[in-house]
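The values are calculated or read from the model by the stated rules, or taken from the named source; none is laboratory data. Bear in mind the structure is a predicted one, so any value in this text is a computation, not a measurement. A quick note on method: Cβ atoms are made from the backbone with ideal geometry, for glycine too, and the neighbour counts reach across all protein chains shown. The area values use the complete protein model at the heavy-atom level, side chains included, leaving out ligands, DNA and RNA. Shrake-Rupley method; radii C 1.70, N 1.55, O 1.52, S 1.80 Å.
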Amino acid sequence: MVLLDKSKFLEELNILFNTSQACGSVRITMKLLLLNKEPKNSKQKIEVPKEKICLIRASFKNKKLSTRISANEVTSFQQEYCTLLRNSLSSLKKTKKLKKKVMS
């Protein structure tokens, strides 16, 4: 897994979206990153770090990407990420609803 900075991650994610349009799908996961974990066998509480960090991972076939976003970078990253999603997910088609036939 490759850890990238946020701008490089978005560039690589755009490439993944473009390559996946023919076939396949890109899987994206986001989670809170805890850096101060205690060993599992100790009975102490896990301390959440003072600065919250979000870990974002993307995978397509064999290629895996990841990045870390700190709490003060979230708004700028979110805006860039949303524009990337809007541009990349334009190929989704709206499904047609089938009308049920009324039996008399």
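GLU47 fulfils the conditions (1) touching a Leu at 6+ places or on another chain (Cβ under 9 Å); (2) at pLDDT 75 or above; (3) part of a loop (DSSP other than H, G, I, E, B) except for a single criterion, (2).
Residue by residue through segment 9-36, note down the ones that are open to solvent by less than 80 Å² (accessible area, probe 1.4 Å), among the hydroxyl-bearing types (Ser, Thr, Tyr) and outside any helix (DSSP H, G or I).
THR29
Pairing each residue of segment 1-29 that is in contact (Cβ under 8 Å) with a residue 40 or more places away in the chain with any residue that is open to solvent by 60 Å² or more (accessible area, probe 1.4 Å) and among the small types (Gly, Ala, Ser), provided the two are 6+ apart or on different chains, yields C-beta distances under 9 Å for GLN21/SER91.
A search for C-beta distances below 6 Å between a residue of segment 58-83 that is farther than 12 Å from ARG27 by Cα and without any contact (Cβ under 8 Å) to a residue 60 or more places away in the chain and any residue that is of a type in the set (Lys, Arg) and surrounded by 13 or more Cβ atoms within 10 Å (Cβ to Cβ), counting only pairs 6+ apart in sequence or on different chains, returns ALA71/LYS52.
Can you tell me which residue within segment 58-85, out of those that are of a type in the set (Ser, Thr, Tyr) and part of a strand (DSSP E or B), is farthest from SER20 (Cα to Cα)? Across segment 58-85, the extreme among qualifying residues is SER70.
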